[in-house]
Structures are given as C-alpha cells and as structure tokens.
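Below is one structure, written out as structure tokens; the observations come after it.
The values are calculated or read from the model by the stated rules, or taken from the named source; none is laboratory data. Just so it is clear, the model here is predicted, and its values are computed rather than measured. Cβ coordinates were reconstructed from backbone atoms using ideal geometry, including for glycine residues, and neighbour counts include every protein chain displayed. To get the accessible areas, we keep the full protein, side chains included, count just its heavy atoms, and leave off ligands, DNA and RNA. Shrake-Rupley method; radii C 1.70, N 1.55, O 1.52, S 1.80 Å.
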Amino acid sequence: MISIPHKTKQFLVLLIKLLIVGAAFYFIYNQLANSDALDWEKFIILFKKNQSVPGIIFILLLSVLNHFFEILKWQNLVSFLYKIPKEEATRQVLAALTAGVFTPNGIGEYAGKAMFFDKSATKKVLFLNLICNGIQMILTVIFGVFGLLYFNAKFNVITTKTVALLFGVTLLLFLVSFFLKKFTIKGYSIEKLLHKINEIPKSIHRKNIVLAVCRYLLFSHQYYFLFLAFDVDLPYLTVMAAITSVYFMASSLPTFQFLDFAVKGSVAIYFFSILGVNEWIIVFISTLMWFLNVVLPVIIGSYYVLNFKILTPRDASTLSKGEEYET
C-alpha cells in the first residue's frame, strides 16, 4: 500500500477544501449574475417599495430557526453514535450543505457529514443522514398531497381520474413493498432497513419527527409571509395549499441546490399564476427563499469547510463527556 507523506496529505486536504468552497461560490454567483429569470432592476424597485426593518428581521429569524431545527435534528440523530454539542452539529450541518450545493439532490451532503467522523463510522453516519433527510421528504409528501388535493378541489388542476390513478399507483407501490420486504438485493432488503431503523431508540425518532414538522412549518410559512410582504392578498389556506404543492412537486424533480430557486420558481409560477399572482413576484420570492436558506448558510458553511477537522470517536466522547453508543 502506497504511503502518502504527511505534508502531501495536508496539501491535498487544503486543495479539496478550496475546490469545494470555490465551486460553491462559483455556482451561486453564476446563477445570480447570469440567470435570465431574474431582473435585478425590478427586484430592487419591489424590495424598496415593500422593505420594512421589523419585517426583514422577522424573515431572517425564520431562516435562522429553519436551520437551527435542522441542526437540532442532526444532533438528536447522531446521539445514537456520539453525544455532540450544538456547536459541533452546526459545523457539520453547514459544512455538509456547502459540500452538497453543487451535487445532484444534495448527495454531497452525505459525504460532507461523513467526513467529520472516523472511517469506521461512515456507514452509520450515512444511514443517520438518510433518516434525517427521509423524514423531511415524507412530511413534504404528506403535506404536499393534502395541499394538492385542496388546491385541486378549488381550481380543478388535474382530473378526478388522474387523482384516482395517482392514489392507485401509490397503493400498488405500498403493497408491492410490503410483500417484497424480504426480497434481497446485494444483501439489502426493506425488512433489513426497517430493522436498522428500529435499532434507533423511539425517543430519538419521536424527537426527529417533531423537529422535522417544526422545520417544515417554518420554511413553508416563511414563503407565505414573503407573499404577504409583496402585497399578495389571498386566503391563507389557498396560499398554503399552493406552497405545499410547490414543495411536493419540486422535490420529485432531480436538481442541484444551486438551481433550487429556478426549479421551485418554475413550479411556483404554474400554481400561483392560477391564483393571479404576478410572475415577477413569484420569481423574486423564490429567489429570496433560495438566498436566505441556501446561499447565506453556504457562506457560513464555507468557513467550517476551510477549518475542517475529522471528529474521531475519542474527540466525540471528549466533547460530550459521555459514552459512545454501541451499535
């Protein structure tokens, strides 16, 4: 086995850090500067017209709380392996977000979090991150389905036959997964996955669900309050149904984090145009959501990437002054 000198390793790690941060900032700048969907003159005019210091603080607070709940989620789940403080959980979440910003569907986030731990814990960390993101996706689907049904009942976006077909396909997939739960592919099966999930204490799962619900309500209502800020006067349930539908439909499309505002913006235009909302307002709000919940955290996360340090089991136990969980 080839041994790499210590200085060479340090140089390679530094190079990787700079590449991750550089790529993240390049993709963000490219989208903000060269996107045909954005007209910055109109954006500035609308922003000046509707700006309010208390309103800006409130919207920023919602972004902070959004990521704070994600940090709490990760701290809670990773406690199955190590007890880490919020500062360490913050470092891991924001650095991972930066690493995942230019990868399809944020896949780089998985590797980003795994890098903070010893190689022996990689599979467990990846699995916990799957649980962390999985519950958020499940909630997006649940809220989205109900929102879409409510929206469709009022505006008849899709036919009754299409709704029945979607429910039929969903039921069929559920039945197939149930009857094939023991079917194994390369040593993995649904039954084995469920067994692994059940190994995690129920108290951790319950807390994970509560935090995920809080986070979903925060960022969906941040979207809602931005519409209010831009003088969109529509019934609360109608707007929330459209918002949950947008997140549901957008989440089913493969995309990159740095293209998130373009994808959600396109879906949002479809739904909110039906409600008579100006297309430019929809694009601006989608861009603001992306800037507040992706760009700003990535800027902070870049600092953590540049100061990256692997968290070994010994480090984790020292940080927590507690015992490592046996898994």
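Karplus-derived 3J(HN,Hα) values for region 116-127, using 6.51 cos²θ - 1.76 cosθ + 1.60 with θ = phi - 60°, are 7, 10, 4, 4, 5, 9, 4, 4, 5, 5, 4, 5 Hz; glycine and proline are entered as x. Look at where the Cα atoms of region 79-93 and of region 190-220 average out, and the two centres are 17 Å apart. Taking a ≥ b ≥ c as the square roots of the eigenvalues of the Cα gyration tensor, region 80-150 is classed as prolate, since a/c reaches at least 1.5 and a/b is larger than b/c. Per-residue SASA remark: Trp280, around 90 Å² accessible (1.4 Å probe; ligands, DNA and RNA not included).
Ranking of Tyr223, Tyr270, Tyr304, Tyr247 by solvent-accessible surface, largest first: Tyr270, Tyr304, Tyr247, Tyr223 (1.4 Å probe, protein heavy atoms only, all chains present). Ile135 sits among other residues whose Cβ lies under 13 Å from its own Cβ, and their net charge, with Lys and Arg +1 and Asp and Glu -1, is +3. Counted residue by residue at 0.36 nm each, then reduced by the alpha carbon distance between them, the extension gain from Ile107 to Val213 reaches 35.9 nm.
Stretched out straight at 0.36 nm per residue, the stretch from Leu237 to Met137 would grow longer than its current Cα-Cα span by 33.9 nm.
Computed with every protein chain present, the accessible area of Ile107 is close to 100 Å² [probe 1.4 Å].
Annotation: extensible slack from Lys202 through Glu279 equals 23.2 nm (criterion: 0.36 nm per residue apart, minus Cα-Cα distance). Spin-label model, Lys119/Leu166: points 7 Å from Cα along the beta carbon direction are separated by 4.6 nm. Legend: distances between Cα atoms for Lys119/Lys196; Lys124/Lys161; Lys161/Lys192; pairs beyond 31 Å are Lys124/Lys161; Lys161/Lys192.
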